[in-house]
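The values are calculated or read from the model by the stated rules, or taken from the named source; none is laboratory data. Remember, it's a predicted structure, so these values are computed and weren't measured experimentally. A quick note on method: Cβ atoms are made from the backbone with ideal geometry, for glycine too, and the neighbour counts reach across all protein chains shown. The area values use the complete protein model at the heavy-atom level, side chains included, leaving out ligands, DNA and RNA. Shrake-Rupley method; radii C 1.70, N 1.55, O 1.52, S 1.80 Å.
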Amino acid sequence: MEQNKALSVLDVAKILHVSKNTVYEMIRRGEINSYRVGRKIRFTQEDVDSYIARSRHEKQLAPVRTVSGRSSLLTGRLPQGREFVLSGQDVILDILSNYLRQYNIQALRAYVGSFESILALYQDNVQAATAHLWDSTDDCYNIPYVRRLMPGTHAVIINLSYRMQGFYVGKGNPKHIWEWKDLMREDVRMLNRRKGSGSRILLDEKMMSLGISPRKLRGYEDEIGSHLTLAQKVAEGQADVGLGTERVTRQMDGLDFVPVQEERYDLILKKECFYEPEIQTMVDILRSAEFAEELKGISGNDYRDLGKIMAEV
């Protein structure tokens, strides 16, 4: 699958429009994550996407340590100790992780989707999960999924931001894609997000409410690992449309954005752990004026309920 493809130094240099020597220097300074296969240096697409997301922020963030969210779901618990894991893919979590380090809390990052994040929290593989999962039956975000995926477990749901979901289309919207039913047209080819991601679930829920089998959409089976990569491929003309958050289109040429729904992006915590010192420190950071000021540099998000408890389930 696309998100699992190993990238070489040359591949990354082309994506970032820099020289190979610059990529080596970025590795040396710890600005981008990488790994070795024998003598060769390799990167995942998520390594590159994370670097791009951080570098677009007006303040350079310290390198963020990561763990494999997928393997944490399949293998047992992560090592216990002062380190704890924030799970999700928004750059706000990278910023939060760096703030936590100022309080000697060694926060790790797991770059996995909403569905997997909640499961990882339920299985005690992460300490904080994030989600933007739409449920058409209850007409709300996240709460129904927390109840279903964490049975018998009480949780606290805290808001991080509101974001606009919509269609990535080529500049000028040449295929005139304006609403969900346009995705059914034979002349429209889409790219999809991975199963369990908030965008994928929103698409499936909307198609179900229209009585449409999503597998009839051209390109439905072509999965992409991140909003950034999906948007880039649409901008390059490799597809006509993809679903993702608005902020990406403000960072990339050759794209227009058709808004379809405001989504709520929440932080999910186990209630039994809510008063642990690390969790309370994190909540205090979210509610601080300093953190709110820091987030003003990230366009495309609405932080009107930042740090507010939205529900206890």
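Residue-level analysis places GLU263 outside the set of residues that are closer than 18 Å to PRO144 by Cα, open to solvent by 50 Å² or more (accessible area, probe 1.4 Å) and of a type in the set (D, E, K, R). Restricting attention to segment 201-226 and to residues that are assigned to a helix (DSSP H, G or I) and touching a residue at least 60 places away in the same chain (Cβ under 8 Å), the residue that is surrounded by the fewest Cβ atoms within 10 Å (Cβ to Cβ) turns out to be SER209. Within segment 92-106, residues that are in contact (Cβ under 8 Å) with a residue 40 or more places away in the chain and of a type in the set (Ser, Thr, Tyr) reach partners that are outside any loop (DSSP other than H, G, I, E, B) and surrounded by 18 or more Cβ atoms within 10 Å (Cβ to Cβ) with beta carbons closer than 6 Å, at six or more positions or on different chains, in the pairs TYR99/ILE285. Mind checking which residues of segment 262-277 are in contact with a Leu (Cβ under 6 Å, 6 or more places away or on another chain), closer than 16 Å to ILE105 by Cβ and aromatic (Phe, Trp, Tyr)? Matches in segment 262-277: none.
Of everything in segment 247-276 that is touching a Phe, Trp or Tyr at 6+ places or on another chain (Cβ under 9 Å) and in a helix (DSSP H, G or I), the residue that is farthest from TRP134 (Cα to Cα) is ARG250.
Return the pairs, sorted by first residue and then second, in which the second residue is crowded, with 22+ Cβ neighbours inside 10 Å and assigned to a helix (DSSP H, G or I), the first residue lies in segment 227-251 and is at pLDDT 85 or above and β-branched (Val, Ile, Thr), the beta carbons are less than 6 Å apart, and the residues are 6+ apart or on different chains. The qualifying pairs are THR245/HIS227. Of the residues VAL64, VAL18, the single one that is at pLDDT below 75, outside any helix (DSSP H, G or I), open to solvent by less than 60 Å² (accessible area, probe 1.4 Å) and among the β-branched types (Val, Ile, Thr) is VAL64.
Annotation: GLN280 fulfils all but one of (1) assigned to a helix (DSSP H, G or I); (2) more than 23 Å from ARG101 (Cα to Cα); (3) polar (S, T, N, Q); the unmet one is (2). Of everything listed in (1) within 27 Å of LEU149 (Cα to Cα); (2) touching a helix residue (DSSP H, G or I) at 6+ places or on another chain (Cβ under 8 Å); (3) open to solvent by less than 50 Å² (accessible area, probe 1.4 Å), the single unmet condition for ASP305 is (2).
Evaluate the following for VAL188: is it in contact with an Asp or Glu (Cβ under 6 Å, 6 or more places away or on another chain) and β-branched (Val, Ile, Thr)? Show your work before the answer.
On the way: in contact with an Asp or Glu (Cβ under 6 Å, 6 or more places away or on another chain): yes; β-branched (Val, Ile, Thr): yes.
Spelling it out, VAL188 is indeed in contact with an Asp or Glu (Cβ under 6 Å, 6 or more places away or on another chain) and β-branched (Val, Ile, Thr).
Residues that are free of Cβ contacts under 8 Å to residues at least 12 places away in the same chain and out of contact with any Asp or Glu (no Cβ under 8 Å at 6 or more places or on another chain) do not occur anywhere in segment 160-173. For the residues LEU108, LEU96, LEU119, the requirement of being open to solvent by less than 10 Å² (accessible area, probe 1.4 Å), touching a helix residue (DSSP H, G or I) at 6+ places or on another chain (Cβ under 9 Å) and within 25 Å of GLN45 (Cα to Cα) singles out LEU96.
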